[in-house]
Structure formats: structure tokens, C-alpha cells
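> One structure, pasted below without further comment.
The values are calculated or read from the model by the stated rules, or taken from the named source; none is laboratory data. The shown structure was predicted, so the numbers you read here are calculated from the model rather than taken from an experiment. Ideal geometry is used to build each Cβ from the backbone, glycine not excepted, and the neighbour counts take in all protein chains shown. What goes into the accessible areas is simple: the full protein's heavy atoms, side chains included, and nothing from ligands, DNA or RNA. Shrake-Rupley method; radii C 1.70, N 1.55, O 1.52, S 1.80 Å.
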Amino acid sequence: MLGVIPAAGKGTRFHELGKQYPKCILPYKEIPILVHNIKSLIDAGCTEIVVGGSHHTSMVKDVVFRFCDDEVEVSVVDIVNSYGMPDTILQCIDVCHEIHNDILIVLGDVIVNESIECQVGKSWISVREVVDYNRWCMVQTCPESGVVMDLFDKLNTRPDTKLAATGVYYMDDIVDFTACLNMSVSNHDSIFDGELQLSDALSKFDGMISTKHTSVVDLGTHDEYMKNRGLSTSREFNEIMKDGNLITKCSNDHEKIRAEYHWFRDLPLELKSYTPAIYHLNVNCSGRSSYSMEFVEKPTLRELFLFLDGSTETWEQVFTDVFDTQVDLSQYKIHSRHFLNKMLSKTCNRFCDLEDIQDSDASLFSEMVETLEILQDDPEFYKRGDSVAHGDFCFSNIMWSPGSVKLIDPRGEMFGSIYYEFAKLYHSIVGRYDFIDAELYTMDPEFDGVGIYDNGKEKIEALFMKRLADMFSKEEIILIKMLSASLFISMIPLHNHNRTNQRLFMMKFREIYSGAKKEYDSY
């Protein structure tokens, strides 16, 4: 049996992430989607596998080289001038090194969540019931036999069926099926929406094709990818409810809800344009407390950074707006430096709760604490006192559109340190915290290397560092870097659901602190 993974799509529905990477190598549970599919094909009995790619194919080949052993031959073919799915599959068949009787196809943007069983003489396609018929290839079956009678691609009117093809196809006669693919490619009149659909070739197949309800994870669009990856978490997130233009945030942490509400309410009038309007506080000590606020229809910087826009033009504007926001907040000063002491104490407590810490890391952490204690008492490094601050100025809490910043989920204390605010930004931009938190990485089986899916972010990082140098002295930037290193330590206990995240955070701590310490020592 031949296994084929058509993965030649350009990933346009994945926005910025799709420009940088082929969809099939994006991570699902820390492993590229492609690797899951190759394993499914091997387990189903395929003796040769061909992957068809056309977008950053060298990355696809690299994934195959790093993750796949020699159990079954896996080759990657560069698909050229394809008319659509039938042509892509045909080009994959053409490069086979063996003679095959049957063929099993798994699309490159789905994952099969169960064992695939194939039996010669019984061709089938995977299906499930859907309501959004206009997005799918719908399948009409014979009520008595369940045999496929007709297929309809992305209809504008509701068909007389709820079954949709979900991306797995087993054809028991590869010779007949190849003839069908050739007929489909030869007949350009069947092109639908700019490309040939696989349904056209399937409709030409002489044998009976049945349907099989198969557990398939759909990862075909950015929204589906994010929704269906099933990331686990041990952190207690707040519950968010939307009702029209009103958002209500609920939590069992009554004091946290109260503190956030009062931060919004007591913010100086001149700064309220940086926050959504806040309407109502409900403290319920026997249940969940909540506050309500205006719904703001803007993306967060996390969404923008990870998925939506990597252009330097956009991020020039982002940094102008974000830095201006911090300048405005920092105008409201107090003569105190208590905030960093408090944050350092919290980080030390979290570090003490960690298990299996190497002696070298414990020594490095102690050295960092001692250095930070020196820096926060040195007027060359700590030139600015505390001021009005958000307290958790990370990408996920900053909503943005050109010329407008809205801050959500504040720490709850009115005053903090501008250095800590920018350490949070450094944490996201240079430290790539959001990529790790979103598990947008792959890990070699032996943890020999990590690949973070951050292509295209180098220019954004360079822009940020230039803006940072324009606003702060070299000494202050050393302090910001060390604080950012400490943030990675403080995140480790909050990610006990994912050991890999924790190891990556420790790696980032070592990397950022060691670099900052070298700068400090040379200073």
C-alpha cells in the first residue's frame, strides 16, 4: 500500500504563520502534524510514503529527516504547476520506487485520532456530519448501503446530506484510481474555485466507495488550528463571558477581581483612554466574583505577533503607540522603589518551590538575585522611581489598532516599575515567551534541539531593541534584561502541565541572564 500526504497548499488561511511555514510542519502536541500523519500511514500498513509539498519544501524535507527513521521509505516531492489535489496526488504517485496495489491518502492539514483500517476490495472515505456545508465537500450516500452516490464541493445552497469528507481516502485499486486522476487533470472544465477538486477524480472511480466515520482533527485554518490543538494547562484561567458589547470577567479569586476593578476605576482620568470602560463590580465571596467592561474589537499583540502581521511597517506603529503609552503612565510617579523588591521576593518564593533543579541553575539564580539587589540600589541602573503601571504589560494584555492601545487584565496595584513593564515586552519579543506558551515549537525526540516557529520575527526584535536604546540608557537596558530573565523563572511553576515548556523557560533564563551578566561585568 502506498501512503500519500498532499501538503502543497500555500497556507493563506494561516496568515503570517502560513507565509513562513507549510501548514503540515506546524506543531500538534509538540510534534509536526506531518510526523503524526506519517506514523498513521505506517501503522495502517503503508510500505512507502510520499509527501507532496510546494511551499518551503526544504522545511518539509528537514522534518522528515529529523523525525522519521528508516522503518518505511518516506520521500518528499516538489509539486510543480499543480491544477489541484488530483494533480498533486498524481505527481506523488509518479515518483514511487515500488509497485503498489492500493493507496491511502491523508491530507496534510488533518490528524487521524484512531487506527486506520484498510481492506482490499473496500474503498472508503472518512466523513462526519457538519452544519457549515459551504466549507466542505459534501457526500451523498445510498440510504440502504451507505455507498457514495455523489459529492458536492462547497455548495451555496444546503444539500440533502449532512455528511462531509474529512480528509482520509482509501482506494483499493491504485491503477484504476490513477486513471481517474489522469482523466480529472486532463479535463480542465472541472476546475472549481480556481483548482481541481479531489471529488472530481473520486466521481470517476468505477468501484464502490463507502463512508467511514473517522475521528479526525481538522487543522485547516488558523481558527481551527488554534481551537483543535487541545493545549493542556494547569493554570486557573478566568472565565470570560460576552453579551453584545459587554464582557464579564469572573473568577474565584475575589481579591484579584476586586483589585483589577479598582485599578481601572482609580486610574487618572487622562489615562482612561488606554482601557476599556468599566461598568460593574460584583464580589460574591461564596461564589465567583466578576466585573463587567466594554467589549473592544481589536487583536492582542500576541495574536498580531504570532499569527497576523509581521511587517515592519505595522510594528513601527505598534512600538510608537506602546512606548507612548508607557511614557504617559510613567508621568504619574511616586518616590519609591518597592515594586521590584516585591517582584524579586515573589520570584524567589517560586524558585524555592521548583523540583529537580540542577546545582548550576540554582547557583546562576542566586547570582542573578544578588545582582538585581545591587542594581535596584544603583542610581545609574535604576534612574526612575515607581510610577503608575499596568503590572502585567505582556502581549496578551495589550489590544491594538493603529493609534490606539487598550490594556486589559492589570496586576491590580496602581504603581509599579517601568523597567518591569519593559521586561515583560522583552520577555515576549526577544524571549519568544508567547511562542513557547502557545507550544509553537517542535522538539527532537531526544531533546537534542528545539525549533521555535518564529521565522520573520528578527526584524521586529531589531525594531524593539532600537526603540529601547532610544528610551533607556545601556545600564537600564541591562536591568530590563535581567528582569526578563527572572520572568522566565517565575513562569516555570505555572507550567507544570508541560515539562517541555518548563525546560525551555529554564533555557531562556540561562540565555538571557548570561548575556546580561556579561554586559554588566564589562560595564
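> Where in region 256-281 does the label zone of residue 328 land, with the point 7 angstrom along Cα→C-beta and an amide N cut-off under 18 Å?
263-278
> Now a separate question. Spelling out what I want: for every residue of region 394-409, take phi, set θ = phi - 60°, compute 6.51 cos²θ - 1.76 cosθ + 1.60 (Karplus), and round to whole Hz; glycine and proline get x.
So the Karplus estimates, Gly and Pro as x, are 9, 4, 6, 9, 10, 9, 9, 9, x, x, 9, 10, 10, 9, 10, 6 Hz.
> Going 7 Å from the Cα of residue 147 along its beta-carbon direction, which residues of region 84-121 have the amide nitrogen within less than 15 Å of the resulting point?
Answer for region 84-121: 121.
> Classify region 240-285 as rounded, prolate or oblate, taking a ≥ b ≥ c as the square roots of the eigenvalues of its Cα gyration tensor: rounded when a/c is under 1.5, otherwise prolate if a/b is larger than b/c and oblate if not.
It comes out oblate by the Cα gyration axes.
> Expressed as a fraction of 2.2 N^0.38 Å, the rule-of-thumb size for a compact globular protein of N residues, what is the C-alpha radius of gyration of the chain?
Compactness ratio reported: 1.14.
> Oh, and also: Under 20 Å from the 7 Å Cα→Cβ point of residue 19, by amide nitrogen: which residues of region 292-316?
299-316
> If each of residue 94 and residue 240 carries a label point 7 Å out from its Cα toward its Cβ, how far apart are those two points in nm?
Simple spin-label model gives 4.8 nm for this pair.
> Something else: Nothing charged except the Cβ atoms of Lys and Arg (+1) and of Asp and Glu (-1): what's the magnitude of the dipole of the chain about its Cα centre? Round to the nearest 20 debye.
Rounded to the nearest 20 debye, it is 1720 debye.
> Also, I was wondering about something else. So between residue 258 and residue 518, what do we pick up on full extension, going 0.36 nm a residue minus the alpha carbon distance?
Full extension from residue 258 to residue 518 adds 89.4 nm.
> How would you order 478-487, 88-97 from highest to lowest mean count of nearby Cβ atoms within 10 Å?
So the order, starting with the most tightly packed, is 478-487, 88-97.
> Working out 0.36 nm times the residue gap between residue 511 and residue 355, then minus their Cα-Cα distance, what length gain in nm do you get to one decimal?
54.1 nm
> Specify whether the C-alpha gyration tensor of region 259-298 places it in the rounded, prolate or oblate class, a ≥ b ≥ c being the square roots of the eigenvalues: rounded for a/c under 1.5, otherwise prolate if a/b is larger than b/c and oblate if not.
Oblate, because a/c is 1.5 or more while a/b does not exceed b/c.
> Within 10 Å of each candidate Cβ there may be at most 10 other Cβ atoms; applying that plus a DSSP loop requirement, which GluC sites (Glu not before Pro) in region 287-316 survive?
Those satisfying the criteria are 297.
> So, one more: Between 88, 485, 357, whose Cα lies farthest towards the positive end of the dipole of the chain when Lys and Arg beta carbons carry +1 and Asp and Glu beta carbons carry -1, centred on the Cα centre?
Of the listed residues, the answer is 485.
> So what is log10(I(q)/I(0)) for region 65-119 at q = 0.13, 0.15, 0.26, 0.28 1/Å, when the Debye sum runs over its Cα atoms only?
-0.44, -0.60, -1.38, -1.35
> Let me ask something else. Tell me, what is the percent relative contact order of region 255-339, built from C-alpha pairs under 8 Å that lie six or more residues apart?
Across region 255-339, relative contact order equals 22 percent.
> Go ahead and run the numbers for FRET between residue 175 and residue 12, Cβ-Cβ distance against an R0 of 30 Å, rounding to 0.05.
Given R0 = 30 Å and the Cβ-Cβ separation, E is 0.30.
> Something else about it: Along the charge dipole of region 141-214, pointing to its positive end and built from +1/-1 on Cβ of Lys, Arg, Asp and Glu, which listed residue (169, 187, 205) has its Cα farthest out?
Positive-end residue among those listed: 169.
> Moving on to the next point. Which shape class applies to region 299-417: rounded if a/c is under 1.5, otherwise prolate when a/b exceeds b/c and oblate if not, where a ≥ b ≥ c are the square roots of the Cα gyration tensor eigenvalues?
Oblate, because a/c is 1.5 or more while a/b does not exceed b/c.
> Next question. Residue 284 to residue 459: extension gain in nm, 0.36 nm per residue of separation minus the Cα-Cα distance?
Full extension from residue 284 to residue 459 adds 58.3 nm.
> Now a separate question. With unit charges on the beta carbons (Lys and Arg positive, Asp and Glu negative) and the dipole taken about the Cα centre of region 1-125, which residue among 119, 54, 76 sits farthest to the positive side?
Final value for the positive-end residue is 54.
> Using θ = phi - 60° and the Karplus curve 6.51 cos²θ - 1.76 cosθ + 1.60, what whole-Hz ³J(HN,Hα) does each residue of region 88-103 get, with Gly and Pro shown as x?
So the J values, rounded to whole Hz, are 4, 5, 4, 5, 5, 5, 5, 9, 4, 9, 10, 9, 10, 8, 9, 9.
> A further question follows. What distance in nm lies between label points placed 7 Å from Cα along the C-beta direction at residue 265 and residue 345?
2.6 nm
> Okay, next question. Leaving ligands, DNA and RNA out of it, rank 311, 428 by accessible area with a 1.4 Å probe, largest first.
Listed by decreasing accessible area, they come as 311, 428.
> Using the Cβ atoms and a cut-off under 10 Å, what net charge is assigned to the surroundings of residue 383, where Lys and Arg are +1 and Asp and Glu are -1?
Summing Lys/Arg as +1 and Asp/Glu as -1 gives -3.
> Quote the relative contact order of the chain in percent (integer), defining contacts as alpha-carbon pairs under 8 Å separated by 6+ residues.
Once normalised by length, the contact order is 13 percent.
> So, with +1 on the Cβ of K and R and -1 on the Cβ of D and E, and no other charges, what is the size of the charge dipole of region 382-479 about its Cα centre, to the nearest 20 debye?
Charge dipole, region 382-479, about its Cα centre: 620 debye, nearest 20.
> Sticking with this structure for a sec: Is it possible to state the helix-based mean residue ellipticity at 222 nm for the chain, with each DSSP H run of 4+ residues giving -39500 (n - 2.57), the sum divided by total residues, to the nearest 500 deg cm²/dmol? What is it?
That comes out to -12000 deg cm²/dmol.
> Once you charge only the Cβ atoms, +1 for Lys and Arg and -1 for Asp and Glu, what is the size of the charge dipole of region 80-204 about its Cα centre, to the nearest 20 debye?
Once rounded to the nearest 20, the dipole reads 300 debye.
> Now for a separate question. Around residue 131, what is the net charge, scoring Lys/Arg as +1 and Asp/Glu as -1 over all other residues with Cβ under 12 Å from its Cβ?
Net charge around residue 131: +2.
> Where does each of 42-51, 102-111 land if you order them by average Cβ count within 10 Å, highest first?
Highest to lowest by the protection proxy: 102-111, 42-51.
> Using DSSP, restrict attention to beta bridges with both residues in the chain and report what percent are antiparallel, rounded to the nearest 5.
Among the beta bridges of the chain, antiparallel pairing accounts for roughly 70 percent.
> Show me, for region 158-164, the HN-Hα J-couplings you get by feeding each phi into the Karplus relation (A = 6.51, B = -1.76, C = 1.60, θ = phi - 60°), rounded to Hz, glycine and proline as x.
5, x, 8, 6, 10, 7, 10
> Tell me the label-point distance for the pair residue 362, residue 182, using the 7 Å Cα-to-Cβ offset, in nm and rounded to one decimal.
A separation of 7.1 nm, rounded to one decimal place.
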